[in-house]
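Working notes, structure below.
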Amino acid sequence: MREGDRRLIALLRANAREPTASLARKLGLARSTVQERIARLEREGSIKGYTVRLADDADAAKLRAVVMIETDPKRADRVALELRKMPEVRSLFAVAGTFDLVATVEAETPPRIDALLDRIGRANGVARTVSSIVLSEKFSR
């Protein structure tokens, strides 16, 4: 990826709704050039989509946890498919080490997060889980 594309992506990460003209000024490029770069990055799959970041007070109502998951090696793919069906599972990463997967999860109340963690632990192919409740987010990009 070119340095100019990296700079453009960094600006979009900070504010994906920033007007193209403003992005162009910051990059020292023509607005049409920035529009073309964004379109190319989308076509190539470098930019997969755009998302919404909620205000801190909107996110504060939710409990978040990080769940380390050890799976039966022959069922790891099945576990991933089952976790994908749970909307409270916000992300899932395959990792190397003692655990096979790391999930980030969200729920509105302690009983709901407790039930979610139980569901994950009972998923077919899950051998063991270790969970940590997130107390605060120091930063996110």
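The values are calculated or read from the model by the stated rules, or taken from the named source; none is laboratory data. Predicted model only: the values in this text are computed from it and were never measured. Note that we place each Cβ from the backbone using ideal geometry, even for glycine, and neighbour counts take in every protein chain shown.
Looking only at region 2-48, residues that are in a loop (DSSP other than H, G, I, E, B) and more than 21 Å from F139 (Cα to Cα) come to 9 in all.
Restricting region 11-53 to residues that are surrounded by 11 or more Cβ atoms within 10 Å (Cβ to Cβ) and under 30 Å from A107 (Cα atoms) leaves a set whose member that is nearest to the chain's Cα centre (by Cα) is I47. One residue stands out among those in region 54-76 that are surrounded by 10 or more Cβ atoms within 10 Å (Cβ to Cβ), of a type in the set (D, E, K, R) and in a helix (DSSP H, G or I): the one that is modelled with the lowest pLDDT, which is D59. Got at least one residue in region 127-139 being assigned to a strand (DSSP E or B), surrounded by 13 or more Cβ atoms within 10 Å (Cβ to Cβ), modelled with pLDDT under 95 and within 21 Å of the chain's Cα centre (by Cα)? Yes, region 127-139 has at least one match.
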